[in-house]
Amino acid sequence: MKVNISYAVELDDVPKEIGNLLETCDFILRELQAGMDTASVENPSKFISEVEGMRQSLADLDLRMSDCIRIMAGYLDIKTKTAISSPEEVEENDET
């Protein structure tokens, strides 16, 4: 069963956290490549088991990459809103 977890980080640390998630994706991808390199059809039962495991790892990889996209989109949205609202705040402070 997959569950979502969340934790708080400083806004400016979000890209670093996404980088950490991408490192995990890279590890999974390398493990998949190693599995592909060693998969053999000589033992059909073992082959089925190994390929099914690789498929599950691909699904996990897809979820993690989707998380990265979702987090980066949220980060970009916040940064864009902050950039848009900042000039207005500066103008209001200049008027007082």
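The values are calculated or read from the model by the stated rules, or taken from the named source; none is laboratory data. Nothing here was measured: the structure is a model prediction, and the numbers come from that model. All Cβ positions, glycine included, derive from the backbone under ideal geometry; neighbour counts span all protein chains shown.
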How many residues of region 1-45 are within 17 Å of R64 (Cα to Cα) and of a type outside the set (D, E, K, R)? The answer is 19
Cβ pairs under 8 Å, 6+ apart or interchain, first in region 20-44 and touching a residue at least 24 places away in the same chain (Cβ under 8 Å), second assigned to a helix (DSSP H, G or I) and small (G, A, S), ordered by first then second residue, are I28/S57; E31/S57; L32/S57
When every residue in region 1-33 that is part of a helix (DSSP H, G or I) and polar (S, T, N, Q) is compared, the one farthest from the chain's Cα centre (by Cα) is Q33
Within region 70-96, of all residues that are exposed (fewer than 11 other Cβ atoms within 10 Å of the Cβ) and modelled with pLDDT of 95 or more, the one nearest to E23 (Cα to Cα) is R70
